[in-house]
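Bear in mind that the values in this text are calculations on the coordinates, not laboratory data. Treat the numbers as computed from the prediction; the structure is a model and nothing was measured. So basically every Cβ, Gly included, is an ideal-geometry build from the backbone, and we count neighbours across all protein chains shown.
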Amino acid sequence: MALVRDFVMYAAVFGLFSFVWFGWAQEKPRSSWRWAIGLATGCALLVCLLGVYLSVTHWDSPSALDRDGAYRNYLITFYAEVVLAGAGSFVLTRMKRKGYIAPWIAFVVGIHFISLVSVFDDPSLWILAALMVAVSIAAVYVSPKLQVAYSAITGIGAGIVLFGFALLGLFRYLAA
């Protein structure tokens with residue numbers, strides 16, 4: 001089961017990546033959305049920084065990554081994700097389909113959470129995986145209808161999902 005240090009790291013890491021996705025959402029959204037995306041970006045950064053502070057103050061607390069093989073499995077999952085996201089992005093660029101890179105990366109990120117369920121022994125990561133995959137698929141269909149960049153819908157959706165899980169990490173920390 002995920003532990004106190006894991007929960008505060010969820011806040012830090014998911015907060016950071018929420019910040020990043022909201023940043024990517026600013027590529028070509030509707031102009032009326034910019035203030036909300038900017039506000040969400042700032043909130044994600046604040047949660048990230050709180051998570052970093054709490055992570056540093058709980059650095060010596062137990063973590064699911066302390067179990068035998070867990071850290072190795074985490075690294076394998078992480079590097080596989082990076083390679084797959086990069087390779088797909090390269091192929092999409094070569095095919096002159098750069099607009100699909102954000103949904104592709106969100107899809108790969110979603111899939112990688114499936115492997116992390118066993119690493120952290122945290123079934124909530126199944127929900128995170130499903131939501132990230134759903135965002136990536138929805139962005140491909142919704143973006144053209146709204147006449148915005150795929151990255152706008154992907155970034156907003158992924159940003160919201162990851163922000164929610166960053167907050168969940170904080171709540172779980174407070175409840176522990």
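With contacts taken as Cα pairs under 8 Å at a separation of at least 6 residues, the chain carries a relative contact order of 38 percent. Label positions at Ser118 and Ile76, each projected 7 Å from the Cα along the C-beta direction, are separated by 0.8 nm. Projecting the Cα positions of Ile111, Leu125, Ala158 onto the charge dipole of the range 4-175 (unit charges on Cβ atoms of Lys, Arg, Asp and Glu, taken about the Cα centre) puts Ala158 furthest along the positive direction. Within a 10 angstrom radius of the beta carbon, how do Ser18, Ser63 rank from fewest other beta carbons to most? Ranking Ser18, Ser63 by Cβ neighbours within 10 Å, fewest first, gives Ser63, Ser18. Exposure proxy for Val117, Val135: other Cβ atoms within 10 Å of each Cβ, ordered fewest to most, give Val117, Val135. Taking the C-alpha atoms only, the angle from helix 4-24 to the longest principal axis of the chain is near 10 degrees.
Once the Cα atoms of helix 70-94 and of the chain are each reduced to a long axis, what angle between those two axes, in degrees from 0 to 90 to the nearest 10, is obtained? The two axes meet at around 10 degrees. Per-residue packing, averaged as other Cβ atoms within 10 Å, sorts the ranges 25-35, 103-113, 39-49, 163-173 into the order 103-113, 163-173, 39-49, 25-35, beginning with the highest. Relative to the first principal axis of the alpha-carbon coordinates of the chain, what is the inclination of helix 101-120, with its axis defined by its Cα atoms, in degrees from 0 to 90 and to the nearest 10? Relative to the chain, helix 101-120 is tipped by roughly 20 degrees.
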